[in-house]
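Q: The structure's right below; bear with me while I get my questions together.
Just so it is clear, none of the values below were taken in a lab; they were calculated from the coordinates. On a predicted model such as this, the values are computed, not experimentally measured, just so you know. No Cβ is skipped: glycine too gets one built from the backbone with ideal geometry, and neighbour counts run over all protein chains shown.
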Amino acid sequence: MRPRSANEWRDFWRDGGERELHARLGEFAPYSVRIATLLGSNAPERALVAELGRIREHELGGPPDPETDAAVAARIYAWFEAASLAR
């Protein structure tokens, strides 16, 4: 079950969620708060893919890589679902 209330989200984030997400983001790790915000708002996976693309283009200055962004998003969503169910 995903954290639903603001308190549950803060607890999840504080109790290891932030560290675990950061470890899974690779080159996107400095932007973990942006990704966490999407996860916490129950945004669809496609929104995460789009945000990773924006980060890649505007923050990292790299060329588009939608396949890698989709793979990272899928990995993050799978982790978040599993971590949320374990709570």
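Q: Condition test on ALA50, is it surrounded by 13 or more Cβ atoms within 10 Å (Cβ to Cβ) and free of Cβ contacts under 8 Å to residues at least 40 places away in the same chain? Show your work before the answer.
A: Numbers: surrounded by 13 or more Cβ atoms within 10 Å (Cβ to Cβ): yes; free of Cβ contacts under 8 Å to residues at least 40 places away in the same chain: yes.
Here the answer is yes, as ALA50 does meet what is asked.
Q: Please work out which one of (1) surrounded by 15 or more Cβ atoms within 10 Å (Cβ to Cβ); (2) of a type outside the set (Phe, Trp, Tyr); (3) touching a helix residue (DSSP H, G or I) at 6+ places or on another chain (Cβ under 7 Å) is the condition GLU59 fails and give its number.
A: If we test GLU59 against (1) surrounded by 15 or more Cβ atoms within 10 Å (Cβ to Cβ); (2) of a type outside the set (Phe, Trp, Tyr); (3) touching a helix residue (DSSP H, G or I) at 6+ places or on another chain (Cβ under 7 Å), just (1) comes out false.
Q: Take segment 17-29 and flag every residue that is part of a helix (DSSP H, G or I), surrounded by 12 or more Cβ atoms within 10 Å (Cβ to Cβ) and in contact (Cβ under 8 Å) with a residue 12 or more places away in the chain.
A: GLY17, GLU18, GLU20, LEU21, ARG24, GLU27, PHE28
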